[in-house]
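The values are calculated or read from the model by the stated rules, or taken from the named source; none is laboratory data. If you're wondering where the values come from, they're calculated on a predicted model, not measured in any experiment. Every residue, glycine among them, receives a Cβ derived from its backbone with ideal geometry; neighbour counts consider all protein chains shown. All accessible areas refer to the heavy atoms of the entire protein, side chains included, with ligands and DNA or RNA removed. Shrake-Rupley method; radii C 1.70, N 1.55, O 1.52, S 1.80 Å.
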Amino acid sequence: MSDLFSPLPCAERVDLGVGVVLFRKRLQDAAPSLLAALQPLLARAPFRHMTTQRGFALSAAMTNCGVLGWIGDHRGYRYTPHDPQSGYPWPAMPEILRSAAIQAADDAGFADFSPDACLINHYAVGARMGLHQDKDEADFSQPIVSFSFGLPTLFLWGGLARRDKPQKFPLEHGDVLVWGGPARLCFHGVSPIKEGAHPLTGACRLNLTFRRAA
Ligand code: MD3
Ligand code: FE
């Protein structure tokens with residue numbers, strides 16, 4: 001199993017800043033297995049469009065796995081133990097995904113990462129994510145680990161204030177980003193997905209973010 005996550009010859013570690021590490025193409029070989037692990041949980045907790053408190057739908061469709069899941073509705077944003085759409089607990093976090101996230105955090109210098117939530121974002125062509133902070137979690141000393149699959153995008157990395165002009169970095173299939181330390185509360189977002197088709201995902205981008213929510 002461990003050879004699934006051994007670095008590819010083309011894999012590359014890029015330290016983008018303090019606490020921010022990009023592992024390019026790290027999951028390229030493992031991607032088919034990791035995406036296959038999503039299928040049963042997507043059947044139980046399908047993608048849906050969460051809303052802002054004011055009732056605007058987010059352009060990415062979302063679901064979760066893990067003990068807690070992130071939701072947005074008329075009451076705002078928060079983590080819940082149950083999928084509000086089904087009333088059932090969120091599906092368990094598949095061990096193959098969890099261990100890949102923990103290993104990436106460890107390699108980035110965060111030894112004690114123990115995610116209890118994984119938010120799964122589905123971006124159709126044209127979908128985007130505006131600049132925001134991830135601040136609904138209890139403990140900002142734990143990093144966030146992100147896996148990207150399918151169509152590429154430009155990731156927007158801003159500062160600790162919304163007005164700080166973001167830098168843009170490409171995010172591609174198999175890339176892993178680890179965000180922690182002083183960068184944990186940076187504003188960030190994702191540019192609109194351009195038209196295309198990826199052999200594994202089709203005309204979409206998938207992003208998984210592993211978090212310690214409670
Ligand atoms: C920088 N997702 O789900 S992941 C999100 O590609 C989210 O779907 C984006 O932002 C996506 O909240 C970006 C990379 C990421 C995740 C968390 C961060 C970057 C971050 C937290 C702080 C700073
Ligand atoms: Fe975010």
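In this structure the amide hydrogen of H173, modeled in the peptide plane, comes within under 5 Å of the amide hydrogens of G150, none closer than 5 places in sequence on its chain.
Between A213 and D116, A117, the built amide H atoms are under 5 Å apart, and every one of these is 5 or more places off in sequence or on another chain.
Loop sites here are chymotrypsin sites (Phe, Trp or Tyr not before Pro) outside DSSP states H, G, I, E and B with no more than 16 other Cβ atoms within 10 Å. The longest part of the chain free of them is 57-139. Please work out the C-alpha center-to-center distance from region 113-175 to region 23-92 and express it in whole Å. Between the Cα centre of region 113-175 and that of region 23-92, the gap is 14 Å. Just going by the charge dipole of the chain, with Lys and Arg at +1 and Asp and Glu at -1 on Cβ, which of V67, G158, Q53 is farthest out on the positive end? Farthest towards the positive end: Q53. Taking the 1.4 Å solvent-accessible surface of the chain as the whole, the part contributed by carbon and sulfur is 57%.
As a rough guide to protection, the peptides 165-174, 24-33 ranked by mean Cβ packing within 10 Å, highest first, stand as 24-33, 165-174. Here the 3J(HN,Hα) profile of region 22-37, calculated from phi with Karplus coefficients 6.51, -1.76 and 1.60 at θ = phi - 60°, is 9, 9, 5, 6, 4, 9, 4, 6, 7, 3, x, 5, 5, 6, 5, 5 Hz, Gly and Pro shown as x.
Neighbours of C65 by Cβ distance under 15 Å: Lys/Arg scored +1, Asp/Glu scored -1, total +2.
The magnitude of the dipole of the chain, with charges of +1 and -1 set on the Cβ of Lys/Arg and Asp/Glu and taken from the Cα centre, is near 780 debye.
When the surface is traced with a 1.4 Å probe over the full set of protein chains, T80 keeps roughly 20 Å² accessible. Compute the Cα gyration tensor for region 3-211, then decide on rounded, prolate or oblate, letting a ≥ b ≥ c be the square roots of its eigenvalues: rounded whenever a/c is under 1.5, prolate when a/b is larger than b/c in the other cases, and oblate in all that remain. Rounded shape, in that the Cα axes give a/c under 1.5.
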